[in-house]
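The next block holds one structure in the form of structure tokens; read it before the comments.
Since every read-out is calculated from the coordinates, none of them should be taken as a lab result. What you are looking at is a predicted structure, and each value in this text was computed from that prediction instead of being measured. Please note: Cβ atoms are built from the backbone with ideal geometry, for glycine as well, and neighbour counts cover all protein chains shown.
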Amino acid sequence: MKKGWITVIIIVLVLLIFGGWMKNAYNRLVNGEEKVGAAWAQVENVYQRRADLIPNLVSTVKGYAEHESGTLEAVVEARAKASSVTVDPSNLSADDIAKFQKAQGQLSTALGKLMVTVERYPDLKANQNFLELQAQLEGSENRIATERMKFNNTAKEYNVLVRSFPSNIIAGLFHFNTKGYFQAEAGSETVPKVEF
């Protein structure tokens, strides 16, 4: 009779320990996934900040550079495309992030062309509104780089948790998937050639 109770107690203890481990592993995965989602929201936030500055920038430039309508239209169109690309934070796959990054890269390229165009207009370059907008855009670009780095670090920590043994067992049971990363733009490893 005593052996039966001892066996039951041992089985209950093993089940409690295993259940506690499963609960902790599951909660760590949920916590990691939430951190990745929060980091993604912050990335979207800084990209939206940049997008919100563009109409003011275009209006300021339009007053000085009426002959540059093609460049201005390209910026407006790129902003619209970049704003239309959304990514579901619960499924941050590498492909979805690449599409988002591509749309944002096209906007960055259009803004770069606009800034080169501005060089032809000394009055615009001296305009206080333009200078403030330019400084805010530069600040936005710095924030974007910082938040992308934070997102990649958070996603890495989560991905390690999802792929590490034994938490990968719980991740597989409850369909926790790895998240994608922001990657360097193609060709960014090549140093630009400067000629005078």
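Between residue 18 and residue 113, the modelled label-to-label distance comes to 6.3 nm, taking each label 7 Å out from Cα in the direction of the beta carbon.
Per residue, the convex hull spanned by the Cα atoms of segment 1-121 measures out at 94 cubic angstrom.
Please state the charge dipole magnitude for the chain, taken about the Cα centre, from unit charges on C-beta atoms (+1 on K and R, -1 on D and E), reported in debye and rounded to the nearest 20. Show your work: numbers first, answer last.
On the way: 22 positive and 21 negative charges, 250 e Å.
It works out to roughly 1200 debye.
Listed by number, the DSSP H helices of the chain that run 30 Å or longer by alpha-carbon position along their axis and have mean Kyte hydropathy of at least -1.0 are 2-64, 94-118, 128-163.
Among 75, 8, 30, whose Cα projects farthest towards the positive end of the dipole of the chain, with charges put on the beta-carbon of Lys, Arg (+1) and Asp, Glu (-1)? Going by the charge dipole, the pick is 8. Per residue, the chain reaches -27500 deg cm²/dmol at 222 nm when only DSSP H runs of four or more residues are counted, each adding -39500 (n - 2.57).
Overall shape: prolate for segment 90-156, with the ratio a/c of the largest to smallest alpha carbon gyration tensor axis at 1.5 or above and a/b above b/c. For the chain, excluding the exposed loop sites themselves (trypsin sites (Lys or Arg not before Pro), DSSP loop, at most 15 other Cβ atoms within 10 Å), the longest remaining stretch covers 1-119.
List the GluC sites (Glu not before Pro) in segment 95-194 that DSSP assigns to loop (not H, G, I, E or B) and whose Cβ has at most 14 other Cβ atoms within 10 Å. Which are they? It would help to have the intermediate numbers written out before the result.
Details: sites: 119, 132, 138, 141, 147, 157, 185, 189; in loops: 119, 185, 189.
Answer by residue number: 119, 185, 189.
Let's test the formula: R0 of 35 Å, r as the Cβ-Cβ distance of residue 5 and residue 165. What FRET efficiency results, to the nearest 0.05? Let's see the in-between values first.
Values: r = 34 Å, r/R0 = 0.98.
Efficiency computed from Cβ-Cβ geometry: 0.50.
Non-local lysine pairs in segment 28-173, meaning eight or more places apart or on different chains, with alpha-carbon distances under 26 Å, amount to 18. Once the Cα-Cα distance is subtracted from the 0.36 nm per residue extended length, the residue 136 to residue 156 segment shows a gain of 4.2 nm. A dipole drawn for the chain from +1 and -1 charges on Cβ atoms has a positive end, and of 131, 162, 92 the residue lying farthest that way is 162. On the beta carbon distance between residue 45 and residue 129, with R0 = 25 Å, the FRET formula returns roughly 0.55.
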